[in-house]
Amino acid sequence: MTTWSAWQNALALLAQGALVSLWLAAASIAAGTVVAVVLVAVGLSRIGLLRQAYRVYIWVVRGTPVLVQALLVFYALPALDLHAGPYIAGVIVLTMYLGVLFAEVFRGGVLAIPQTQWDSAKSLGLPPAALLRRVVAPLVGRYSLPAYINVCVMAVKASSVLSIISVWELTFAARQIIERTLAVFSVLGLAAAFYFLMCFGIDRLGRWAEGRLALRGFAGERG
Amino acid sequence: MMEIRGLRKSFGDTPILRGIDLHVADGEVVTLIGRSGSGKTTLLRCINFLESYDLGEIRLDGTRLWYGDDAGGRLPLPESRTRRMRQQMGVVFQQYNLFPHMTVLENVCLGPRFSQDVPREEAEERGRTLLRRVGLEDKIDAYPARLSGGQQQRVAIARALAMRPKVLLLDEITSALDPELVGEVEDVIRSLLAEPIMMIVVTHALGFAREISHRIAYLSEGRVAEIGPPGAVLDAPRDPTLKDFLRRMR
C-alpha cells in the first residue's frame, strides 16, 4: 500500500465493515435483551424444573465458544432446510450468546434488590404487573447498567467471529484488504482502531446513562 | 378491630412466637415493647403477612386474614386476596424503604394509583395533602437520596397513609435515625392522633410509647407477658422480667 488512493480505498472499506459490525452488534443486542428478559423470567420462576432448565441452557451456551456456535448454526440452518444466509445466522448466534450473558446480568440485578424494597412493595399490595413495571424493572435496569454496557462492548468484539461464516464485516473486510495489499500490520491496526472507537463510544454512552441516573438521585442510595 | 389469637411461629427449631393473643380496638394505639428477640417485630411482620406463621389466626373487622380455614388444611389465601388485605394496612419500616427511583410524590402515590386504581389526579391530590401534613410539600419532586433520614421517614408515613388504611403498623420507625431527627418523626405521629386511628407500634422509645399509647404490651419469649395502660405497665410492672427490662432501659 503505497499510494494515497489505496489508503483511501482501504479506509472506506474498513469504515463500511465497521458499520456492518455495528449493525450486527446492535441487532443482536436488541434481540438478545428481549431473549434475556424471557430467560430471566424462566430462571427466577417458582417452578424448580424451569429454573433447572435455565441453568442447563446457560451452562451450555456460556460454556461453548462463540466460534463453534457460529459454525454450528451456519451449517445447521441449511441442514434444517432453512436458507437464511450468513447474516441472519450471524445475528442468531450473537443473539443466543448475548441473551445468556444479559440474562445473568439481569438475574444479578433482581437479586440485588434489597429485601426491604420487596417488603415495601408487598405491603402496598401492588399487583404483579405494576410491581414489575414500576418497581422491579426500573431497579433492575439501574443495578444492571454497568454490567449490561460491559456485555454490549463484548458484543461488538464478538461480532468479529462471524467473519468465519462469511459475514462481511470489519474483520472480513480487513482480511480482504490484506490479501490484496499484504499490509498486514497497518490494516489490522486500523481495524483494531475501528473496534476500539466503537467500544469506546458504547462505554461513553454507558457512562452518560449512569450519570443521568445519578442526577435522578439514584447514586446517593449507596451513601 | 384487630384480633390476634394463638399466633405461633418458629424459625426452624427456634420458636419466636409462642401463642400471641392481642385485641386492638378501632382508634386504639397499642405499643409492643420487649427485648430484641422477644418477637415484637416478627409479630408486626406476621400481621402484614411479610412473614408466614405456623398456627393461630388474625382477623381484621371480623375477616380472617392470610390463611383459609384451619379445617381446610390451612392454606395461604390466593395472592389477589392477600393483596387486597394488605391494602387495608399501612406499614412504616425502620429503614424507610422508599423507592429510590421515584420522586417523593411518586412514592406516595404508588399504592393508591396501582393497587387501588385511584385516578392519577386524585392520587396526586391525596399525596400532596398528605405531604403537606408531614411538612414536606416543598420536597414533592425530590428523590429520596436527597432527603435526610427524618424526611424520608416522614415520606414513608405519608406513603402508608395514602392507602387510607384501617390500621397503621410502625416498626421501630425512629431506630435508624440520628437522635436530632427523631423528634420530627415523632411529631408527625403525634399529629395523627388528633383523629382516631388504629395503630400497632413497635418501639424502644418508652417515653414516646407512654405518650401515644392507649395500651402497652410487653412481649417476652414470644408471649404477651403483660399488657395494660402505659402507667400500669411502665410504672407498676408485675412481671419480673419486665421490671428488669425497664430498669435496663432507664
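Condition check: in a strand (DSSP E or B) and not small (Gly, Ala, Ser). Does B:VAL233 satisfy that?
Details: in a strand (DSSP E or B): no; not small (Gly, Ala, Ser): yes.
So B:VAL233 fails the test.
Between B:GLY62, B:GLY39, which is on the phi > 0 side of the Ramachandran plot and surrounded by 21 or more Cβ atoms within 10 Å (Cβ to Cβ)?
On the way: B:GLY62 fails: surrounded by 21 or more Cβ atoms within 10 Å (Cβ to Cβ).
None of the others qualify; the one that does is B:GLY39.
Output yes when any residue across segment B:128-138 is crowded, with 20+ Cβ neighbours inside 10 Å and modelled with pLDDT of 90 or more, and no when none is. Show your work before the answer.
So the first thing to find is which residues in segment B:128-138 are crowded, with 20+ Cβ neighbours inside 10 Å, and the list is B:130-131, B:134, B:136.
The next check asks that each one be modelled with pLDDT of 90 or more; those that pass are B:131.
Among the residues of segment B:128-138, at least one is crowded, with 20+ Cβ neighbours inside 10 Å and modelled with pLDDT of 90 or more, which makes the answer yes.
Name the residues in segment B:128-147 that are assigned to a loop (DSSP other than H, G, I, E, B) and away from every other protein chain (no Cβ under 14 Å), would you?
Going through segment B:128-147, the residues assigned to a loop (DSSP other than H, G, I, E, B) turn out to be B:134-136, B:140-143, B:147.
Selection gives B:VAL134, B:GLY135, B:LEU136.
Which residues, taken from segment B:82-117, are facing chain A (nearest Cβ under 7 Å), in a loop (DSSP other than H, G, I, E, B) and farther than 19 Å from B:VAL167 by Cβ?
Within segment B:82-117, B:GLN95, B:PHE99, B:PRO100, B:HIS101 meet the criteria.
Show me the helices (runs of 4 or more DSSP H) found entirely inside segment A:62-132 where at least 1 residues are touching a residue at least 24 places away in the same chain (Cβ under 8 Å) and either touching a Lys or Arg at 6+ places or on another chain (Cβ under 6 Å) or more than 14 Å from chain B (Cβ to nearest Cβ) (or both). Working first, answer last.
Numbers: elements: A:66-79, A:85-111, A:115-123.
Output list reads A:66-79, A:85-111.
Can you spot a residue in segment A:31-39 that is outside any helix (DSSP H, G or I), touching a residue at least 60 places away in the same chain (Cβ under 8 Å) and surrounded by 12 or more Cβ atoms within 10 Å (Cβ to Cβ)?
In the first step, residues of segment A:31-39 are kept if they are outside any helix (DSSP H, G or I); the result is none.
Within segment A:31-39, none of the residues are outside any helix (DSSP H, G or I), touching a residue at least 60 places away in the same chain (Cβ under 8 Å) and surrounded by 12 or more Cβ atoms within 10 Å (Cβ to Cβ).
Residue-by-condition table, conditions (1) farther than 30 Å from B:ARG5 by Cα; (2) over 22 Å from the mean Cα position of the chain (by Cα):
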| residue | (1), (2) |
| --- | --- |
| B:ARG64 | no, no |
| B:PRO78 | no, yes |
| B:ARG83 | no, no |
| B:VAL92 | no, no |
| B:ASN97 | no, no |
| B:THR103 | yes, yes |
| B:CYS109 | yes, no |
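Taking the condition of being within 14 Å of chain A (Cβ to nearest Cβ) and not in a loop (DSSP other than H, G, I, E, B), how many residues in segment B:36-81 meet it?
So in segment B:36-81, the residues within 14 Å of chain A (Cβ to nearest Cβ) come out as B:41-42, B:44-52, B:60, B:65-66, B:76-81.
Filter again for not in a loop (DSSP other than H, G, I, E, B), leaving B:41-42, B:44-47, B:60, B:76, B:79-81.
Total meeting the criteria: 11.
Can you confirm whether A:LEU162 is within 14 Å of chain B (Cβ to nearest Cβ) and either surrounded by 23 or more Cβ atoms within 10 Å (Cβ to Cβ) or assigned to a loop (DSSP other than H, G, I, E, B) (or both)? Step through it out loud before you land on a result.
Values: within 14 Å of chain B (Cβ to nearest Cβ): no; either surrounded by 23 or more Cβ atoms within 10 Å (Cβ to Cβ) or assigned to a loop (DSSP other than H, G, I, E, B) (or both): yes.
For A:LEU162, the condition - within 14 Å of chain B (Cβ to nearest Cβ) and either surrounded by 23 or more Cβ atoms within 10 Å (Cβ to Cβ) or assigned to a loop (DSSP other than H, G, I, E, B) (or both) - is not met.
Go through segment B:198-224 and give me each residue that's in contact with a Lys or Arg (Cβ under 9 Å, 6 or more places away or on another chain) and aliphatic (A, V, I, L, M).
Of everything in segment B:198-224, those that are in contact with a Lys or Arg (Cβ under 9 Å, 6 or more places away or on another chain) and aliphatic (A, V, I, L, M) turn out to be B:MET198, B:VAL202, B:LEU206, B:ILE212, B:ILE216, B:ALA217, B:LEU219.
Taking B:GLN116 and the conditions (1) modelled with pLDDT of 85 or more; (2) of a type in the set (S, T, N, Q); (3) not assigned by TED's automatic domain parsing to the domain that holds B:ILE33, which numbered condition does it fall short on, given that it satisfies the others?
(1)
Scan segment A:10-30 residue by residue and report those that are over 27 Å from A:ARG133 (Cβ atoms) and free of Cβ contacts under 8 Å to residues at least 40 places away in the same chain. Spell out how you get there, then give the answer.
The first filter runs over segment A:10-30 and keeps only residues over 27 Å from A:ARG133 (Cβ atoms), leaving A:10-25.
Those that are over 27 Å from A:ARG133 (Cβ atoms) and free of Cβ contacts under 8 Å to residues at least 40 places away in the same chain: A:ALA12, A:LEU19, A:TRP23.
Can you report the number of residues in segment B:213-239 which are farther than 16 Å from B:ILE20 by Cβ, modelled with pLDDT under 90 and buried (at least 19 other Cβ atoms within 10 Å of the Cβ)?
3
The values are calculated or read from the model by the stated rules, or taken from the named source; none is laboratory data. Everything numeric in this text was worked out from a predicted model, so none of it was measured. Heads up, the Cβs are rebuilt from the backbone with ideal geometry, glycines too, and the neighbour counts pull from every protein chain shown.
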